[in-house]
Structure formats: structure tokens, C-alpha cells
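Report on the following structure.
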Amino acid sequence: MLGAPVALQLYTVRDDTARDFAQTVRQVAAIGYAGVEFAGYGGLKPSEVRELMDETGLQPVSTHVNLEILENDLTAAGEAAALIGCRYVVLSGLPQDRRTPQALRDLTPRLNDVGRHCQTLGIRFGYHNHDWEFAGASGSYLLDNLLDGTDPELVALELDVYWAAFAGVDPIGYIQQRTGRVPLVHVKDLAHDRSFTEVGDGTLDMPAILGAARQFGSAEWYIVENDQPRNGGLESARRSLENIRAFGAV
């Protein structure tokens, strides 16, 4: 047993949620996921999403928000997440003009402020990486600059293992480097052609990654995602969870 529950990032099933958000969430629960991470609420009110979580028994792990929301509508976004019962609000990524060393240095105080505000609501704040954060800057990665410039008590890391590996970085090594700071792990697999594939069907040593995440990163949740599912989001989600169960992670 590698020891953390498995959630699904609902971006994986975005085509299905666009047609019927509530019914898709019910199907995710029926597949066997323990929780979900949101990428929008399908037009439902926070109270309606909370009712849907209660109905399905799914845990509302976290919600992804963009930088514009954090800068302009943080209170409303945080209150919605708290009402739904989310444990985390996660910055999903940064626009192109914020991806420079200076822009990141300018941003880090604001990220600490966001983390403090989230704490007042009883939730935590996290940052989700892509591949560009692993570009070098002054002898270290841009992601290192962001993490070193923020308070670990205020800004957690949601490590996307696909994007780390895509950038040529060993996810296990990075998790060990950031011991205790990786409560959420985006579990995504890298195909031989470097495209997205179902967890367990690609090139990454997922049992070892998940074990390291639990041992060193203090992972609370493994969050499955497939950015570009080829056979439908629900089928992709089902296959990934079956594989994770097969190699004894849950």
C-alpha cells in the first residue's frame, strides 16, 4: 500500500461535465474515486456543488483557479471553495508574461498573502507546476525560486509529475528535495511519444513515484489527470484508477 486516497482532476472529463456536470461527477464516484479536484463548477452554485459532494460521498479536495481570479476575486473564490468543503485552492498556472525570474520574484509576496487569506477561511493554498518552471535561472529552477521565496506554511506545491518528467526532471528526486511540501500530487503518465496517457500505461515508474510522494512529500492525495484523453475522459479515468489499484497504491 502506497497510502493516499485518489482523486480525479475534473479537467480530465471536461467534455462530459460540459454536457452534464452533476451526472458526470456521479459517474466519477461510481468508478471508485475518493475525491475530485475542480476546474470550474459547471455553472452550479457552491451550495449545489456541496450537496453533490454529500450525495456522492466524494471529497472535494481542491479547486484550480487562475491568476486573474486570485488577483481580482480571491475572497469570492476562497469562500466558494470553503463552502464546498475544499481543503485547497490551487493556482493552476501563470500567464506567459509572468514566467520570468523577475516576475516570479515580484509575485512571491502576493502568493504569501493569498496563503494567509486562505488560512483565514480554513483552507490551504497551493501552486501547480508545468514544464516551464524547470527552466534554469541563476543556477536553480524557476520553481525553486518561487518555492524558496514563499513560506512553506502558506504555499504548498502540487507537483505535476508528468510536466516534471517532460522537462527532464526526476519527479522522485524533486519530491525528496521538497520533503514535506508536496501534499498534492498530479498523477499523470508520459507516453513514449511524450504525449499524455493513462496512469500505468506510460514510461514513468508510478509505484515508485507514489511511494516517494507519500514517504517524502507527505502526500495527502494522489490526483489523476489526463490533459488529452484519447478514448474519452471517463474511460481514461477508469483505466488510470484500475492501474493504480493493480500496483497496490490504494
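The values are calculated or read from the model by the stated rules, or taken from the named source; none is laboratory data. All of these numbers come straight from a predicted model, not from anything done at the bench. In this analysis, Cβ positions are derived from the backbone assuming ideal geometry, glycine residues included, and neighbour counts consider all displayed protein chains. We work out accessible area using only protein heavy atoms, side chains counted, and drop any ligands, DNA or RNA first. Shrake-Rupley method; radii C 1.70, N 1.55, O 1.52, S 1.80 Å.
Counting only Cα atoms, the size of the chain along its three principal axes is 47, 41, 30 Å, in decreasing order.
Amide H contacts of A135: L142, L143, each under 5 Å away and 5 or more positions distant or on a separate chain (H built 1.01 Å from N in the peptide plane; Pro and chain starts excluded). When peptides 53-61, 97-105, 4-12 are ranked by their average number of other Cβ atoms within 10 Å per residue, the highest-first order is 4-12, 53-61, 97-105. Overall size of the range 186-250 from C-alpha positions, given as principal axis extents largest first: 33, 22, 18 Å.
Counting only protein heavy atoms and a probe of 1.4 Å, the accessible surface of the range 50-161 is 45% carbon and sulfur. One Cα centroid belongs to the range 53-107, the other to the range 171-215; the line between them spans 22 Å. Computed from phi, the 3J(HN,Hα) profile of the range 200-207 under the Karplus parametrisation 6.51, -1.76, 1.60 (θ = phi - 60°) reads x, 9, x, 9, 7, 7, 5, x Hz, with x in place of Gly and Pro.
Solvent exposure of the chain amounts to 41 Å² per residue of accessible area, where only protein heavy atoms count and the probe is 1.4 Å. What the phi angles of the range 44-60 give under the Karplus curve with 6.51, -1.76 and 1.60, with θ = phi - 60°, is a coupling list of 7, 6, x, 5, 6, 5, 4, 4, 5, 5, 5, 5, 8, x, 6, 8, x Hz, glycine and proline written as x.
Comparing N226, N145, N72 in a Gaussian network model of the chain (Cα springs below 10 Å), the most mobile by mean-square fluctuation is N72. If you sort the three axes of the alpha carbon gyration tensor as a ≥ b ≥ c, you get a/c of 1.5 or more for the range 67-186 and a/b above b/c, which makes it prolate. Model label points for E242 and I31, set 7 angstrom from Cα along the Cα-to-Cβ axis, are 1.2 nm apart. Peptide packing: for 201-210, 116-125, the average count of neighbouring Cβ atoms within 10 Å per residue gives the ranking 201-210, 116-125, highest mean first. First check a/c for the range 134-227, with a ≥ b ≥ c the square roots of the eigenvalues of its C-alpha gyration tensor; if it is under 1.5, answer rounded, and if not, answer prolate when a/b is larger than b/c or oblate otherwise. The shape class here is oblate. Sorting the segments 159-165, 20-26 by their mean number of nearby beta carbons within 10 angstrom, highest to lowest, gives 159-165, 20-26.
DSSP beta bridges confined to the chain are antiparallel in about 10 percent of cases. Over the C-alpha atoms of the range 1-80, the Rg to Rh ratio, Rh being the Kirkwood estimate, stands at 0.98.
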